[in-house]
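All remarks here apply to the structure that follows.
The values are calculated or read from the model by the stated rules, or taken from the named source; none is laboratory data. Keep in mind that this is a model prediction, so the values were computed, not measured. Positions of Cβ are generated from backbone atoms using ideal geometry, with glycine treated the same way; all protein chains shown enter the neighbour counts.
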Amino acid sequence: MFKKKTPSGVDTTAAAKSSEKEQPWAELGLKEDEYQSIREILSRRPTSSELAMYSVMWSEHCSYKSSKIYLRQFGQKVTEEMKKHLMVGMGENAGVVDVGEGMAVTFKVESHNHPSYIEPFQGAATGVGGIVRDILSMGARPVAVMDQLRFGAPEHPDTARVVHGVVDGISNYGNSLGLPNIGGETVFDARYQGNPLVNALAVGVLKHDDLKLAKATNPGDLVILFGARTGADGIGGVSVLASETFDDDGPSRRPAVQVGDPFAEKVLIEACMELYENDVIAGIQDLGGAGISCATSELAANGSRGMEIQLRNVLLRDESLTPEEILMSESQERMMAIVNKKNLKRFEEIMQKWEVEYSILGKVTADERLVIKWDNEEIVNVPPKTVAIDSPVYERPVEYPTWIDKLNADSTKDLARAEDPSEIAAQIVQIASSANQADKSWITSQYDRYVLGNTALSMPDDGGMIRINEESGLGVTLATDANGKYCQLDPYNGAKLALAEAYRNVAMTGAVPRAVTNCLNFGSPENPEVMWQFKRATEGLADACMEAGIPVTGGNVSFYNQTGDIAIYPTPVVGVMGVIDDVARRIPSGWQDTGHNIYLLGVTKDELDGSAWAEVIHDHLGGKPPQVDIAKEMELADLIHGANIQGMIASAHDISEGGLAQALVESSLRFGNGARIWLGELMERDGIDLTAALFSESQARAIVSVGREDDVKFVSLCEARGVPVVRIGVTDLESSSLEIQDVADIDLLDLKSAHVKTLPELFS
């Protein structure tokens, strides 16, 4: 990418003022007009180092240049009520939310898609490491992680390579780090074949007073790089690499993928926590995408200050690196701190205690210029805001996809529906054992879910719950959801549905939803139809969040998830965080007591378009996704919370992919307990047939089990809150089957075998 230069041969700002030369701006991912903009900003050509900085910071991944105009609405469509608990919103490394008792939670989800296709193990591992450092940089102790995975068709020969690598990478890094993995998603579909999605979420806890921000505000403060040494791995990794689509030639560009060391990160966490406890630092930034280019420019820009940096002071693993490569390297496990001189001694003591290497790179200056030197040669002199904040803003062409009309017209209304009970019973098992609905423990069992001892709920429950105060029992729940098929059919409502499901999953655990993060995964922004999908999805998500009264705290956009002309399904992953005042009141997703009545909450409609039934039984995608009503989701959530406070609910499980049948399967298998189910009253009340009753994916629905002593009170509570309720069964711990009257009597051992064996048979 750049020719190796001797120290005396570096490209300096003095040379840039006096000489012209050809520069590899296109190879670095810049457009010609972007390169000309850089020249106009500087009133000269950029030096090679400046070009490197602008190229990585103006990349799609770092600058959000194609998405900014749409992301702004997350900050515009807010009410004062939505801001009530928000301490830090969009624009920082992660959002921070007040959860009571003087405590705050920071959480965020990010993508590491492109590196994970090229080198699945390191791509996924460093995705976990990167999001954990985002959390760490807010002054928080990371307490848990989750992952949201999309792979290609399960039978495709390349899928196993990616699955094994990604799962091994996540488990190796997370387990070594000592953080519990409390949930997430795994989806298989041919549309993700050459573009797997590896989204990682981390959550951290801090006291209000411990909040840290990525800004440098005090001239004279020291700029210190600490952690791992800088190497050649990850040069332009998630910055330039993630702004490219893949061709059909398979994985390439391995040197661009970062290499992680979880044990170095574990030590880094403890060193940072001691820095925070001793109030040693004035600002901090993790080094992920765009490396030193990002950290220096963002710290300076956010504080409206400048910096003077000596790049020679960077500790290197590879002494042959050029200045440009040092600036672009995305080597992992590194942090940049702003430290007042009076705190330097204490900073050094803490570094020595934890055996963390560090180097003083320079100082904060009063002007708004970022100056970087190589020995005595000035190689960078730029306004930092032009690098970190004032990147290009594109309003890409948007075009309504004409193919969507034909897709929407192709509904499930003409698909054959089984009438024979044995055929319906077989469909229940077939769906439950399909790759997307099957048990995911082959994956999740490779993750440590209980390390640190504060995990209250994890997979396969509806949400992951972590206790954050051992004395009071205060806890938080996180759930992440997205249905790419729904979004393909209707990106606006598909995004709303993702929010609705994550919101509902959090509520099912007994927590109250409070805030949102997202990772918006789409194809190429240079495709007008993709931009239409993105525009509609962001509008839908922003509208849904406003209606639900919970703010978007931050997130990530991943474009260029496309092979040739084929883009992935639009996949806006939505993470919802909720608060529960005592994790002892958590609600499990399966029944554990006999003789409890099972109630279905909500209304079931004939909504099978985009459903698991349509996919598994008929290999069909078409029609329109289920209707979404955020007000009804909120009513359902409020009901669950109110009933739980009164101790009425023994279990709760949302109804989503796979419909009621899948919810019954999972609730029975959760603890291996049987149930007797009858659907006649439901079918008569809602005017639906048996297929719709079992497999419809109508929203704002859940099943709960309630002790008989609370029956009358619970039904009265439902009626008072306007939530439709119908009794559909009873739990039976003496039974070893899931019995659906006049339909099926499915042995739980057989059902479990079918549900569990799918992934091991595919990938073991």
Exercise. Can Glu40 be described as surrounded by fewer than 16 Cβ atoms within 10 Å (Cβ to Cβ) and assigned by TED's automatic domain parsing to the domain that holds Leu311?
Worked result: yes
Seminar exercise, completed: Scanning the range 670-718 for residues that are under 35 Å from the mean Cα position of the chain (by Cα), surrounded by fewer than 20 Cβ atoms within 10 Å (Cβ to Cβ) and closer than 21 Å to Ala612 by Cα gives Arg670
Problem set entry | Wholly within the range 314-408, helices (runs of 4 or more DSSP H) carrying at least 2 residues that are aliphatic (A, V, I, L, M) and modelled with pLDDT of 95 or more | 344-354
For this session: Take the residues in the range 1-46 that are of a type in the set (S, T, N, Q) and over 36 Å from the mean Cα position of the chain (by Cα), then tell me which one is modelled with the lowest pLDDT.
Result: Thr6
Exercise. So which residues in the range 327-375 are within 13 Å of Val223 (Cβ to Cβ) and among the polar types (S, T, N, Q), if there are any at all?
Worked result: Asn340, Ser359, Thr365
Exercise. Closer than 21 Å to Lys496 by Cα, in contact with a strand residue (DSSP E or B) (Cβ under 8 Å, 6 or more places away or on another chain), in the same structural domain as Pro724 (by TED's automatic domain parsing) and touching a residue at least 40 places away in the same chain (Cβ under 8 Å), is that true of Leu608?
Worked result: no
For this session: Could you identify the single residue in Gly184, Gly130, Gly123 that is of a type outside the set (D, E, K, R), modelled with pLDDT under 95 and in a strand (DSSP E or B)?
Result: Gly184
Exercise. Does Asp609 count as within 26 Å of Asn518 (Cβ to Cβ), outside any helix (DSSP H, G or I) and of a type in the set (Asp, Glu)?
Worked result: yes
Problem set entry | Scope the range 136-162; condition out of contact with any Ser or Thr (no Cβ under 9 Å at 6 or more places or on another chain) and assigned to a helix (DSSP H, G or I); matching residues | Leu136, Pro157, Asp158, Thr159, Ala160, Arg161
Exercise. Within the range 58-77, is there a residue that is over 27 Å from Leu299 (Cβ atoms) and part of a loop (DSSP other than H, G, I, E, B)?
Worked result: yes
Exercise. Do the conditions hold for Gly590, that is, is it touching a Pro at 6+ places or on another chain (Cβ under 6 Å), assigned to a loop (DSSP other than H, G, I, E, B), closer than 29 Å to Leu738 by Cβ and small (Gly, Ala, Ser)?
Worked result: no
Problem set entry | First in the range 427-442 and at negative phi, second anywhere and polar (S, T, N, Q) and buried (at least 23 other Cβ atoms within 10 Å of the Cβ), Cβ under 9 Å, 6 or more apart | Ile428/Gln662; Ile431/Gln662; Ala432/Gln662; Gln437/Gln662
Exercise. Is there any pair with a first residue in the range 401-426 that is farther than 30 Å from Lys535 by Cα and a second that is of a type in the set (Asp, Glu) whose Cβ atoms are under 7 Å apart and which are 6 or more apart or on different chains, and what are they?
Worked result: Arg417/Asp689; Pro421/Asp742
For this session: Those residues that are surrounded by fewer than 24 Cβ atoms within 10 Å (Cβ to Cβ) and either of a type in the set (D, E, K, R) or more than 19 Å from Asp490 (Cα to Cα) (or both), I need them from the range 563-588; list them, please.
Result: Thr563, Gly564, Asp565, Val579, Asp581, Asp582, Ala584, Arg585, Arg586, Pro588
Exercise. In this structure, does Glu526 turn out to be in contact with a Phe, Trp or Tyr (Cβ under 9 Å, 6 or more places away or on another chain) and in a loop (DSSP other than H, G, I, E, B)?
Worked result: yes
Exercise. Quick one: in the range 618-666, which of the residues that are in contact with a Pro (Cβ under 7 Å, 6 or more places away or on another chain) and of a type in the set (Gly, Ala, Ser) is surrounded by the fewest Cβ atoms within 10 Å (Cβ to Cβ)?
Worked result: Ala637
